[in-house]
Each structure stands twice: as structure tokens, then as C-alpha cells.
1. Pick from region A:1-12 the residues that are in contact (Cβ under 8 Å) with a residue 12 or more places away in the chain and at the interface with chain B (Cβ under 10 Å from one of its Cβ atoms): which of them is surrounded by the fewest Cβ atoms within 10 Å (Cβ to Cβ)?
2. List the pairs whose first member sits in region A:85-102 and is under 16 Å from A:ILE35 (Cβ atoms), whose second member is among the aromatic types (Phe, Trp, Tyr) and at pLDDT 90 or above, and whose Cβ atoms are under 9 Å apart, counting only residues at least 6 apart or on separate chains?
3. Testing A:ASP65 on (1) in contact with an Asp or Glu (Cβ under 6 Å, 6 or more places away or on another chain); (2) at pLDDT below 80, one condition comes back false. Which one is that?
4. In region B:42-73, which residues are assigned to a helix (DSSP H, G or I), at pLDDT 80 or above and facing chain A (nearest Cβ under 7 Å)?
5. Exactly one condition in (1) away from chain A (no Cβ under 14 Å); (2) small (Gly, Ala, Ser); (3) in contact with a Gly (Cβ under 9 Å, 6 or more places away or on another chain) is false for B:GLY133; which is it?
6. Working carefully through the options A:LEU87, A:LEU41, A:LEU78, find the one that is under 22 Å from B:ALA77 (Cα atoms) and either over 18 Å from the mean Cα position of the chain (by Cα) or part of a helix (DSSP H, G or I) (or both).
7. Taking the residues in region B:164-180 that are in a helix (DSSP H, G or I), modelled with pLDDT under 85 and of a type outside the set (Val, Ile, Thr) as candidates, determine which candidate is farthest from B:ALA104 (Cα to Cα).
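The values are calculated or read from the model by the stated rules, or taken from the named source; none is laboratory data. Please read these numbers as outputs of a predicted model, since none were measured by experiment. We place every Cβ from the backbone using ideal geometry, glycine too, and count neighbours over all the protein chains shown.
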Amino acid sequence: MNLVMTLGFLLVIIGLWAMLTQKNLIKIIIGFSIIDTGVHLIIVSIGYIKGRTAPILDASVSVADAANKIVDPIPSALVLTAIVIGLAVTALMLTFVIKLYQKNKSLSIDDYQELKW
Amino acid sequence: MIKQVLSLVAIVLLAALIFAPMLINTPLHTSLTPLANYYATQGADDLGAPNLVTAIVVTYRGLDTLGEVTVLFIATAGIGFLMGKKKKLITPKRPASELLQNGASFLLPIIILFGVYIFMHGHLTPGGGFQGGVVIASGILFMMLINQDWSHNVFLFLESFSGFFYVTIGALGIVLAGGFLDNRILPLGTFGTIFSAGAIPLIYSLIGLKVGTELVGILHAMRGEE
């Protein structure tokens, strides 16, 4: 069992619950952000190796010994960019909400029936 | 009520069928994967960057990062498009308080300096262009809070400039070194010093400027509209 990954899945579940049950558009976006954070935790936890340190070679991690002392650097690199992208996508969604509110003066998802089937 | 029950059923199914098996079947690693092992053993010799995460972000998976910056640009462009042209800025009811004005003027240079430090040292310490860019954007947010009439053009210029040179340096790698975004177009230098690791500090600084100015663009687009 992996504690960080468990917490990550827990965050995904909480965020999904918020997205499925909340009526307020801004609360749905908050749910999306929570899912985002959970996915980041899951990806980072995949690369973690118990008892090892960050993948930076310095006085305490020599180049020759690096393979035995560092965690997997690839998931960290992926999450690093994903965090900034998540921020930009959240901003884009909030912009949609601002525009919807300006047009229809409502933040409730029940007032937007156009895409419902 | 029925919707909540359905949502609960959907989430429980998802957790039981996908999350739980993933959680149980993902092994706890005790050694690096072959690819990570290559980066750990050869990365320092190949690229000369002590921070392996930076080596991967900027060079090994540089194309990926270019894609991420493009996604960021598209999101910013979408926000700018949706918010549209400003009719006029909302005039503030009162000027920013003296505490905010003095505090922001004092902190602004320090925050910008810190952001620049983070992306200049991206190949040596934890940090890099993305983090440094966000720090700079937070400094500019301070500036927007105290100064209401403020021109966005210099940031638009910086954004185009850094994006253009990022791709140009990447293309130079095809001619002068092993391929697109190869950092060895400049000498690798002494391992662990600031002017080392070839073009990595340069590329990461440009990414930092690009990310910072793009986030400033988001702030600008979302700021005061009638």
C-alpha cells in the first residue's frame, strides 16, 4: 500500500463528488482543481522510492552513486509542467463562468440546459 | 436526491473497478526504471546539469515542454479572446491604502529578483522556469494592485520575444548539436556552476519569462472590465 497514492485517489474521489453533485459553476471548478491536485500526487507517488532523496546531484549525491540514491526524476518532471497547465486551464474555465454570468446572470448549472439531452 | 445516489454509485464503481486495483497492483519500487537509471548515470555526463529534473524538462523531453508552453499560450489566448476588448477600466472607489502601496513597492523588486534567481538556478537547485515565472507573475499582481493605469505592451513584447528565441535556440540545436532543443550548442562548462550545462540556463530563463508574461496576460485580461 502506498499512502501518498491513497491520498491522491481520495482527493480525486472528493473532487469528482464535488463536480457531480454541486450546482454552482465555481464549486464545480474547485472540484476540478481538487482532482488536478490528486492526479499530481498519484503521479509523484509512482516515482517515489522509499528512503531516497531528490534527483539533484550535489555534495551528498555523487554522480557515480546517483542511481542508488535518487528517486525517479521523470514523474517529477511531468508534474512540474502539469501544475502550471492546471493553473492556466482553471483560469480559462473561470473566464467561461464570468462570460456565462455576464450573459445569463446565473451561476447555477440548472439554468444552462442547452447541452442537456 | 436520485442524482446524488447515482453520483455515489458512479464514484464507488470507479473506485472499486479502477482506483483500488491500481492502488493494490502498483508495486512499491525499490530501484529505478531502466530509463530513469540511464538519466541518473549518464545525465550528468551528457548534459552537465546537476538537477536531473531540469535536464529532463528542458532537454531530454524538451519538445514536451515546448508543447506545454504552447498549451499555456493557447489557454491565455482563449482567455484574452473571451474577455474581449476592454470598454474601460473600472475606476477604483479609492486609491490603494498607504500600507499596500508602500508594502508592494518594497516587496516588488525582491519578488522579481527571487523569481529571476529561481529560473537562473533551475539547473542547479530545485526550481526553474515554470516556478520562477509564476513568482514573477505574483510580483506583477502586486504592481497591478497599486498602479491602476499601467501598460501591458511591454509584457506582450517580452512574451513574443521569449517564445521566439526559445524556438530559435531549439532550432539552432539541429544545426550545431545533436537535434532540436539540444543544450550542447554552448560549452558544458564546469559541473555545478551557474554558467554550465550548455544552453539549459538560457532556455529555462526564456521559459520563465514566457510563463511569467503569459500569466500576467491572464491577470491583465481578467482585470477590471465593465
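1. Within region A:1-12, the match that is surrounded by the fewest Cβ atoms within 10 Å (Cβ to Cβ) is A:LEU10.
2. Every condition considered, the pairs that remain are A:GLY86/A:PHE32; A:VAL89/A:PHE32; A:THR90/A:PHE32; A:MET93/A:PHE32.
3. With respect to (1) in contact with an Asp or Glu (Cβ under 6 Å, 6 or more places away or on another chain); (2) at pLDDT below 80, A:ASP65 is out only on (1).
4. B:LEU52, B:VAL53, B:ILE56, B:VAL57, B:THR65, B:GLU68, B:VAL71, B:LEU72, listed by residue number.
5. Failing condition for B:GLY133: (1).
6. A:LEU87
7. Here the residue is B:LEU176.
Yes/no per residue for (1) among the polar types (S, T, N, Q); (2) touching a residue at least 12 places away in the same chain (Cβ under 8 Å):
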{"residue": "B:SER151", "(1), (2)": "yes, no"}
{"residue": "B:VAL175", "(1), (2)": "no, no"}
{"residue": "B:GLY178", "(1), (2)": "no, no"}
{"residue": "B:PRO201", "(1), (2)": "no, yes"}
